[in-house]
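Some notes on the structure that comes next.
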Amino acid sequence: MIKQNTNTAVVILNWNGIDWLKKFIPILIENTPAKDADLVVADNASTDDSVAFLKTSYPEVQLIILDDNYGFAEGYNRALEFIPHPYSILLNSDVEVTKGWILPLIQQLKSSNNTAACQPKIKDFYRKDYFEYAGASGGFIDYLGYPFCRGRIFDKLEKDEGQYNEPISIFWATGACIAIKTSVYKEVGGLDSDFFAHMEEIDLCWRLKNRGFDIFAVPKSTVYHVGGGTLSKVSSKKTYLNFRNNLLILYKNLPSSKVYKTLLIRLILDGVAGLKFILSGQFSHMIAILKAHFHFYRMIKSFKKKRQDNLSKTSKITIPEIYSKSIVWQGFVKKQNKYSDLQ
């Protein structure tokens, strides 16, 4: 068990990330007073010198040594079993925190028994005046399951000019930096390891919303995210995971009255996306979409129990943070590429 000196644990999952640790741990320590949080690195059986480096250079950082590489979701699930703190912040190793980043997040979690999670403003490490893809100033989803952010519609990133500085209720908080009540994380089952990578935080947040919890964006806290460290944006593997996991979160979380109609519409739209890849000569991405659908249908049987368990605990019928229009139509047809343009 990790030693608890405060009410908050900042937990970084690491696998062979010594370069990120060398770059960002000193900044994390500088901008996170010891009275505000305990710093923890959970190591996914790294084969580099990450653990030795931390033990030698930063003994104040507590370590959880996992016996295998469990990936992002299961790695965090196993790590949080060792965390006794009421509040946990899951922080990517490629994130630069800023002065005063932590207290606004914890204050938001403390503000209401109904508040389960929140995120800071996520900005681009390389273009510090722009929002970053993985979260921006709060995550949303449309009724067909397409995620977008306050500050990012598809690949269109907005410049941060203070336009989204107010804290608001959101649908999903970024996995790059999510503050969550530890007991609630465990209560809803944590991250789903079957997703492997991409959208597991959206699935977690949807389960939270289904059970009536609130999630917030807290722009008073700001961090800078490098991003793209796991898979390249042009990777067909990423295309596969995005399409497959998007279908999985719809099947797992939508009520019976909506799920099959929504999946049928998505089948058509995913076909259009595949055609677009063919016309642009990106055949590997078209094949990735086909694989995503075949594997999704194959996984339905194993996900049926998860769906039944999830919906049996659902208490919220209407979730206002689900955008009632098609973000595909708004973004690609109406050219509304800013969150503030959406109606």
**Residue list for the stretch 141-165, restricted to those being out of contact with any Pro (no Cβ under 7 Å at 6 or more places or on another chain), assigned to a strand (DSSP E or B) and not acidic (Asp, Glu)** = PRO147, PHE148, CYS149, ARG152, ILE153, LYS156, LEU157, LYS159
**Request:** Check the stretch 117-124 and report whether any residue there is at pLDDT 95 or above, more than 17 Å from GLY151 (Cβ to Cβ), not assigned by TED's automatic domain parsing to the domain that holds ILE2 and not acidic (Asp, Glu).
**Result:** yes
**Request:** Within the stretch 256-267, identify whether any single residue is at positive phi and out of contact with any Lys or Arg (no Cβ under 8 Å at 6 or more places or on another chain), and answer yes or no.
**Result:** no
**Asked** What is the number of the single condition among (1) of a type in the set (Ser, Thr, Tyr); (2) in a helix (DSSP H, G or I); (3) surrounded by 19 or more Cβ atoms within 10 Å (Cβ to Cβ) that TYR224 does not meet?
**Response** (2)
**Message:** Condition (residue is of a type in the set (Asp, Glu), under 26 Å from HIS198 (Cα atoms) and under 23 Å from the mean Cα position of the chain (by Cα)) applied to the stretch 46-64: is it met by at least one residue?
**Reply:** no
**Prompt:** Of the residues that make up the stretch 72-92, is at least one without any contact (Cβ under 8 Å) to a residue 40 or more places away in the chain, more than 19 Å from GLU200 (Cα to Cα) and of a type outside the set (Val, Ile, Thr)?
**Reply:** no
**Prompt:** Has the stretch 106-123 got any residue that is closer than 23 Å to VAL328 by Cα and out of contact with any His (no Cβ under 6 Å at 6 or more places or on another chain)?
**Reply:** no
**Prompt:** Condition test on LYS99, is it farther than 26 Å from ARG266 by Cβ, of a type in the set (Lys, Arg), surrounded by fewer than 18 Cβ atoms within 10 Å (Cβ to Cβ) and touching a strand residue (DSSP E or B) at 6+ places or on another chain (Cβ under 9 Å)?
**Reply:** no
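Based on this model, can you work out whether ILE202 counts as part of a helix (DSSP H, G or I), in contact with a strand residue (DSSP E or B) (Cβ under 7 Å, 6 or more places away or on another chain), at pLDDT 95 or above and under 20 Å from ALA292 (Cβ atoms)?
The answer is yes for ILE202.
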**Request:** Report yes if LEU208 is crowded, with 20+ Cβ neighbours inside 10 Å and either farther than 14 Å from GLU321 by Cβ or modelled with pLDDT under 95 (or both), otherwise no.
**Result:** no
**Complete:** Sole miss for LYS335 among (1) without any contact (Cβ under 8 Å) to a residue 40 or more places away in the chain; (2) assigned to a helix (DSSP H, G or I); (3) more than 25 Å from the chain's Cα centre (by Cα) is condition (2)
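For every residue, the table says whether it meets (1) among the basic types (Lys, Arg); (2) within 26 Å of ASN44 (Cα to Cα).
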position	(1), (2)
ILE83	no, yes
LEU103	no, no
ASN114	no, no
LYS128	yes, no
ALA134	no, yes
SER137	no, no
GLU161	no, no
**Request:** Name every residue in the stretch 242-266 that is surrounded by fewer than 21 Cβ atoms within 10 Å (Cβ to Cβ) and under 17 Å from HIS285 (Cα atoms), in order of residue number.
**Result:** ASN242, ARG266
**Prompt:** Before we move on, is GLN107 part of a loop (DSSP other than H, G, I, E, B) and at pLDDT 95 or above?
**Reply:** no
**Request:** Out of the residues in the stretch 25-49 that are in contact (Cβ under 8 Å) with a residue 40 or more places away in the chain and assigned to a loop (DSSP other than H, G, I, E, B), state the one that is surrounded by the fewest Cβ atoms within 10 Å (Cβ to Cβ).
**Result:** ASP36
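Just checking, how many residues over the stretch 85-103 are among the hydroxyl-bearing types (Ser, Thr, Tyr) and either touching a His at 6+ places or on another chain (Cβ under 9 Å) or outside any strand (DSSP E or B) (or both)?
Going through the stretch 85-103 one residue at a time, the tally reaches 2.
The values are calculated or read from the model by the stated rules, or taken from the named source; none is laboratory data. Nothing here was measured: the structure is a model prediction, and the numbers come from that model. Here the Cβ is made from the backbone with ideal geometry for all residues, glycine too, and neighbour counts use every protein chain on show.
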